[in-house]
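Peer 1: My structure is below; once you've seen it, I'll send some questions.
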Amino acid sequence: MIELIIPPAFILLAGALMLPVLPQKTRSYAFIFFSLASLILILTMKDGAILTVSTMNYQLIILKMDALSRVFGIIFAFIATAGGIYSFHIKETGQQCAALLYAGGALGVTFAGDFFTLFIFWEIMAVSSTYLIWSRGTSESQKAGLRYLLFHVLGGGLLFAGILLYLSGPGANIMVTQLKPEMGPGVWLMLLGIIINAAVPPFHAWLSDAYPEATVTGAVFLSAFTTKTAVYVLARVFPGLEILLILGTVMTIYGVVYALLENDIRRILAYHIISQVGYMLAGVGIGTAMAINGAVSHAFSHILYKALLFMGAGVVLHTTGKSTLTEIGGLRKEQPLTFWLYMIAAFSISGFPLFNGFISKSMTVAAAGEAHHEWAMLLMTLAAVGTFLGVGLKLPYFTWLAKDKPADLKVENPPINMHIGMIIVAFFCIFHGLYPKHLYQWLPFPVEWNPFTLHHFVETVQILVFTFIVFWLMRGIITPNTKIALDVDWFYRRPAKFTRKYIVDPWDKSFDVIEAQFYKLAGILAEFGKNPLLIMTKDKKGDTAYSPDRYRPATQTLILTVLGLFIILAIIGLVF
Amino acid sequence: MKLWHWIILGLVTVASIVAEFAGQHGEVSHLPFKIPLFWIWFGAGGSVVLILFGKKLFGPIVEKKEDYYND
């Protein structure tokens, strides 16, 4: 039997190219069709499938299927499909194409077998995701999108420089394979480029800055792809690198602390992406089979519940036009379905028993304990407390439950497709919580972890109950305010104001002055070029009393000049 | 919060404590987790620490008015 090997990314890229030429009414259907086709392809493709292309003396591997790439491919394609349903009402073709390109880029990175292919898809992701931020069309989204793009240009540049430097070393080849920092500065540059995409502090501010400014549906895609492809590449290239354990553990706490301070619901969720990616990095850094399984399964669960959280927040923004906790409240009566679907995601990210966070996060935390990193285990559990406080309690309480709905807040009904997309994702959050084997079957290593132990239930229930009690008693302190929390983006956003005032603006002004003078000079020269004699005919006031007859060169002058020339030539001839 | 909410929370807590003491000996290998009711202390203490650190210590340092970057 002949097996057809098509890179799943190509289906989405082809879809992005075809979408603009399809009738508008069919584009949303086509989006789902292409996403679903890539998902089916990934599910049915055999392990070991490979597709190579020869170019410029290199053998590029544009498709390499194994267990690790398959599990990431499945969840990327699935969330693209669910996101397509959620955004079914979107009629803006640019946004649809960008989302497909973005998902295609993520699949391209996932199945890339060589660093060049990986880099190309990496950059496709950067550009297409930026469009999802700019598409919102606000002044803030334009600025945040530009900062986002600049960060990713920097990250991509570092990655590519690292690849080139690494390849210039002895024995290096372009295959995506496990690397160690001792292999040279090129590998360090690659690592730096990748952890920028993973939003590792202090290179994380692009995420909390830009994601809340994206379109309602764009944020759902953004929450799924960029950081998780970085996690995939780290798991593929740098498993067991201990610094990732340290960075990841710091991330888990960093994100939850900032989320407690934030007022914008999508910024709260953005900070929790940083926190949750921290668990994955920690798992990759530990590097044991159980830890890698934990990181991968948590990435899978995280993409589901985080997309669902952003979908819920997106419904609030879509229906009210507001996204800050101080402007909304008491929405449960208007939005009971949205509230409960959001809560499924909130229970999942908080690690409630029988939800998918319970069966994935615990594997990474347990792997830390098993590898004798008790400090990491405790800090990650503390971050879980903060996660429940921020996403499970603060956000839903002040959005849907606390206080009455502001009188001037109008709430529209969301399109039904938004809820359908949420229900599909919510189903898998619960399904994997009840039947984790469905997820565990795809993990890269055999799973020996059983999440349903008495110890695990007791630990989780006690933490959750007492976190809730403390929240209830201290909810006055945690009440959101209208302030913003400065993050490390202060280091480039604040100086930018002074750089503009004292360097860019004076430079612009001096350029304007010089430009004006050059235009003036060009005008004078042009005037002079028309008739050089004019310059002698202007009076002191600059008025030109020009008369073609008066200033036309006299015929006798010309004859005299020619005659004089002949005389000179005759003398020269006689003498020499 | 209504009374029956607190009653449910109390019952769940009691059930978890009973389960902790009744059925998990030998399952826990790390020292801090052998402390009785460790996770209750951890959940409550962790929440207090995060809220106070975030809102009372860290917040006043980093929180600025909404239009900070635009003024």
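The values are calculated or read from the model by the stated rules, or taken from the named source; none is laboratory data. In this text, all values refer to a predicted model and were calculated from it rather than measured experimentally. Please note: Cβ atoms are built from the backbone with ideal geometry, for glycine as well, and neighbour counts cover all protein chains shown.
Peer 1: Considering B:Ile61, B:Ile8, B:Ile51, B:Ile17, which residue is modelled with pLDDT of 85 or more, more than 18 Å from the chain's Cα centre (by Cα) and either buried (at least 17 other Cβ atoms within 10 Å of the Cβ) or not charged (D, E, K, R) (or both)? Let's see the steps before the verdict.
Peer 2: Numbers: B:Ile8 fails: more than 18 Å from the chain's Cα centre (by Cα); B:Ile51 fails: more than 18 Å from the chain's Cα centre (by Cα); B:Ile17 fails: more than 18 Å from the chain's Cα centre (by Cα).
That would be B:Ile61, the only listed residue that is modelled with pLDDT of 85 or more, more than 18 Å from the chain's Cα centre (by Cα) and either buried (at least 17 other Cβ atoms within 10 Å of the Cβ) or not charged (D, E, K, R) (or both).
Peer 1: Do you know which of the residues in segment A:362-383 that are more than 10 Å from every other protein chain (Cβ to nearest Cβ) and among the hydroxyl-bearing types (Ser, Thr, Tyr) is nearest to A:Ile463 (Cα to Cα)?
Peer 2: Restricting to residues being more than 10 Å from every other protein chain (Cβ to nearest Cβ) and among the hydroxyl-bearing types (Ser, Thr, Tyr), the top hit is A:Ser362.
Peer 1: Scan segment A:29-37 and tell me whether some residue there is part of a helix (DSSP H, G or I) and either in the same structural domain as A:Trp442 (by TED's automatic domain parsing) or within 21 Å of A:Leu443 (Cβ to Cβ) (or both). Before the answer, list the steps.
Peer 2: The initial filter retains those residues of segment A:29-37 that are part of a helix (DSSP H, G or I), namely A:29-37.
Restricting the remaining residues to those that are either in the same structural domain as A:Trp442 (by TED's automatic domain parsing) or within 21 Å of A:Leu443 (Cβ to Cβ) (or both) gives none.
Within segment A:29-37, none of the residues are part of a helix (DSSP H, G or I) and either in the same structural domain as A:Trp442 (by TED's automatic domain parsing) or within 21 Å of A:Leu443 (Cβ to Cβ) (or both).
Peer 1: Right, next: On the basis of being more than 19 Å from A:Asn57 (Cβ to Cβ) and in the same structural domain as A:Leu222 (by TED's automatic domain parsing), does A:Leu167 make the cut?
Peer 2: No.
Peer 1: If you scan segment A:105-143, which residues turn out to be out of contact with any Gly (no Cβ under 9 Å at 6 or more places or on another chain), surrounded by fewer than 24 Cβ atoms within 10 Å (Cβ to Cβ) and part of a helix (DSSP H, G or I)?
Peer 2: Listed by number, the residues that qualify are A:Phe116, A:Ser139, A:Glu140, A:Ser141, A:Gln142, A:Lys143.
Peer 1: While we're on this one: Mind checking which residues of segment A:220-272 are within 20 Å of A:Met290 (Cβ to Cβ), in a loop (DSSP other than H, G, I, E, B) and hydrophobic (A, V, I, L, M, F, W, C)?
Peer 2: Hits for segment A:220-272 are A:Phe238, A:Leu241.
Peer 1: Determine whether A:Leu454 is hydrophobic (A, V, I, L, M, F, W, C) and either more than 14 Å from chain B (Cβ to nearest Cβ) or in contact (Cβ under 8 Å) with a residue 24 or more places away in the chain (or both). Break it down stepwise before answering.
Peer 2: Values: hydrophobic (A, V, I, L, M, F, W, C): yes; either more than 14 Å from chain B (Cβ to nearest Cβ) or in contact (Cβ under 8 Å) with a residue 24 or more places away in the chain (or both): no.
No.
Peer 1: Could you list, in sequence order, the residues of segment A:231-264 that are among the aliphatic types (A, V, I, L, M) and closer than 18 Å to B:Leu50 by Cα? Walk me through how you get there before you give the answer.
Peer 2: In the first step, residues of segment A:231-264 are kept if they are among the aliphatic types (A, V, I, L, M); the result is A:231, A:233-235, A:237, A:241, A:243-247, A:250-251, A:253, A:256-257, A:259-261.
Result: A:Val250, A:Met251, A:Ile253, A:Val256, A:Val257, A:Ala259, A:Leu260, A:Leu261.
Peer 1: Another question about this same structure. Just to be sure I understand, how many residues within segment A:8-32 are touching a residue at least 40 places away in the same chain (Cβ under 8 Å) and surrounded by 14 or more Cβ atoms within 10 Å (Cβ to Cβ)?
Peer 2: Selection size over segment A:8-32: 13.
Peer 1: Test of understanding: among A:Ala384, A:Ala371, which residue is within 19 Å of A:Ala270 (Cβ to Cβ) and of a type in the set (A, V, I, L, M)?
Peer 2: Values: A:Ala371 fails: within 19 Å of A:Ala270 (Cβ to Cβ).
Result of the check over A:Ala384, A:Ala371: A:Ala384.
Peer 1: Continuing with the same structure: Report yes if A:Ala99 is closer than 17 Å to A:Thr229 by Cα, of a type in the set (Gly, Ala, Ser) and buried (at least 24 other Cβ atoms within 10 Å of the Cβ), otherwise no. Walk me through it before giving the result.
Peer 2: Details: closer than 17 Å to A:Thr229 by Cα: yes; of a type in the set (Gly, Ala, Ser): yes; buried (at least 24 other Cβ atoms within 10 Å of the Cβ): yes.
Against the criterion (closer than 17 Å to A:Thr229 by Cα, of a type in the set (Gly, Ala, Ser) and buried (at least 24 other Cβ atoms within 10 Å of the Cβ)), A:Ala99 qualifies.
Peer 1: Would a scan of segment A:106-123 turn up a residue that is under 29 Å from A:Pro415 (Cβ atoms) and assigned by TED's automatic domain parsing to the domain that holds A:Thr26? Outline the logic, then answer.
Peer 2: If we filter segment A:106-123 for residues that are under 29 Å from A:Pro415 (Cβ atoms), which is where we start, we get A:106-107.
Imposing the further condition that a residue be assigned by TED's automatic domain parsing to the domain that holds A:Thr26 reduces the set to A:106-107.
Yes.
Peer 1: From the list A:Gln462, A:Gln441, which residue is of a type outside the set (Gly, Ala, Ser), without any contact (Cβ under 8 Å) to a residue 24 or more places away in the chain and facing chain B (nearest Cβ under 7 Å)?
Peer 2: Working: A:Gln441 fails: facing chain B (nearest Cβ under 7 Å).
Going through A:Gln462, A:Gln441 in turn, the sole match is A:Gln462.
Peer 1: How many of the residues making up segment A:288-318 are among the hydroxyl-bearing types (Ser, Thr, Tyr) and closer than 16 Å to A:Ile420 by Cα? Write out each step before concluding.
Peer 2: Start the filter on segment A:288-318 by keeping residues that are among the hydroxyl-bearing types (Ser, Thr, Tyr), which leaves A:288, A:297, A:301, A:305.
So of that shortlist, the ones also closer than 16 Å to A:Ile420 by Cα come out as A:305.
Counting residues in segment A:288-318 that are among the hydroxyl-bearing types (Ser, Thr, Tyr) and closer than 16 Å to A:Ile420 by Cα gives 1.
Peer 1: Still on this structure, please answer the following. Picking from A:Gly351, A:Gly314, A:Gly369, which residue would you name as being assigned to a loop (DSSP other than H, G, I, E, B) and within 25 Å of A:Ala198 (Cβ to Cβ)? Write out each step before concluding.
Peer 2: Working: A:Gly314 fails: assigned to a loop (DSSP other than H, G, I, E, B); A:Gly369 fails: assigned to a loop (DSSP other than H, G, I, E, B).
Selected residue: A:Gly351, the only one of A:Gly351, A:Gly314, A:Gly369 that is assigned to a loop (DSSP other than H, G, I, E, B) and within 25 Å of A:Ala198 (Cβ to Cβ).
Peer 1: Inspect all residues belonging to segment A:541-564 and state whether any of them is modelled with pLDDT under 95 and within 14 Å of another protein chain (Cβ to nearest Cβ). So that I can check it myself, show each step before the final result.
Peer 2: In the first step, residues of segment A:541-564 are kept if they are modelled with pLDDT under 95; the result is A:541-564.
Filter again for within 14 Å of another protein chain (Cβ to nearest Cβ), leaving none.
No - not one qualifying residue is present in segment A:541-564.
Peer 1: Okay, moving on. Can you tell me which residue is farthest from the other protein chains (Cβ to nearest Cβ) among those in segment B:44-71 that are of a type in the set (Lys, Arg) and closer than 26 Å to A:Ser350 by Cα? Spell out the reasoning first.
Peer 2: As a first pass, look at segment B:44-71 and keep what is of a type in the set (Lys, Arg): B:55-56, B:64-65.
From what is left, the residues that are closer than 26 Å to A:Ser350 by Cα are B:55-56.
Working: B:Lys55: 5, B:Lys56: 7 Å.
Per the criteria, the residue is B:Lys56.
Peer 1: Another one. Can you find a residue in segment A:121-129 that is small (Gly, Ala, Ser) and in contact with a Pro (Cβ under 7 Å, 6 or more places away or on another chain)? Explain how you work it out, then say what you get.
Peer 2: Initially, segment A:121-129 is screened for residues small (Gly, Ala, Ser), giving A:126, A:128-129.
Keeping just the survivors that are in contact with a Pro (Cβ under 7 Å, 6 or more places away or on another chain) gives none.
No, segment A:121-129 contains no residue that is small (Gly, Ala, Ser) and in contact with a Pro (Cβ under 7 Å, 6 or more places away or on another chain).
Peer 1: Given the structure, is A:Ser35 surrounded by 12 or more Cβ atoms within 10 Å (Cβ to Cβ), closer than 14 Å to A:Phe78 by Cβ, of a type in the set (S, T, N, Q) and touching a Ser or Thr at 6+ places or on another chain (Cβ under 8 Å)?
Peer 2: Values: surrounded by 12 or more Cβ atoms within 10 Å (Cβ to Cβ): yes; closer than 14 Å to A:Phe78 by Cβ: yes; of a type in the set (S, T, N, Q): yes; touching a Ser or Thr at 6+ places or on another chain (Cβ under 8 Å): yes.
When the stated conditions are applied, A:Ser35 passes them.
Peer 1: Quick check on A:Ser275: is it touching a residue at least 12 places away in the same chain (Cβ under 8 Å), closer than 18 Å to A:Leu443 by Cα and of a type outside the set (A, V, I, L, M, F, W, C)? Spell out how you get there, then give the answer.
Peer 2: Values: touching a residue at least 12 places away in the same chain (Cβ under 8 Å): yes; closer than 18 Å to A:Leu443 by Cα: no; of a type outside the set (A, V, I, L, M, F, W, C): yes.
Taking the combined requirement at face value, the residue does not satisfy it.
Peer 1: Of the residues A:Leu389, A:Leu304, A:Leu395, A:Leu309, which is more than 13 Å from chain B (Cβ to nearest Cβ), over 27 Å from A:His438 (Cβ atoms) and buried (at least 23 other Cβ atoms within 10 Å of the Cβ)? Spell out the reasoning first.
Peer 2: Working: A:Leu389 fails: more than 13 Å from chain B (Cβ to nearest Cβ); A:Leu304 fails: over 27 Å from A:His438 (Cβ atoms); A:Leu309 fails: over 27 Å from A:His438 (Cβ atoms).
Just one listed residue meets the conditions, A:Leu395.
Peer 1: For segment A:253-264, check the following and say yes or no: at least one residue is touching a Pro at 6+ places or on another chain (Cβ under 8 Å), under 30 Å from A:Ser323 (Cα atoms) and hydroxyl-bearing (Ser, Thr, Tyr). Step through it out loud before you land on a result.
Peer 2: Step one: of segment A:253-264, the residues touching a Pro at 6+ places or on another chain (Cβ under 8 Å) are A:254, A:262-264.
From the residues that got through so far, the ones that are under 30 Å from A:Ser323 (Cα atoms) too are A:254, A:262-264.
If we keep only those that are hydroxyl-bearing (Ser, Thr, Tyr) too, we end up with A:254.
Within segment A:253-264 (the criterion being touching a Pro at 6+ places or on another chain (Cβ under 8 Å), under 30 Å from A:Ser323 (Cα atoms) and hydroxyl-bearing (Ser, Thr, Tyr)), the answer is yes, since at least one residue qualifies.
Peer 1: Residue check: is A:Thr55 without any contact (Cβ under 8 Å) to a residue 24 or more places away in the chain, assigned by TED's automatic domain parsing to the domain that holds A:Ile79 and over 29 Å from the mean Cα position of the chain (by Cα)? Quick ask: steps written out before the conclusion?
Peer 2: Numbers: without any contact (Cβ under 8 Å) to a residue 24 or more places away in the chain: yes; assigned by TED's automatic domain parsing to the domain that holds A:Ile79: yes; over 29 Å from the mean Cα position of the chain (by Cα): yes.
Taking the combined requirement at face value, the residue satisfies it.
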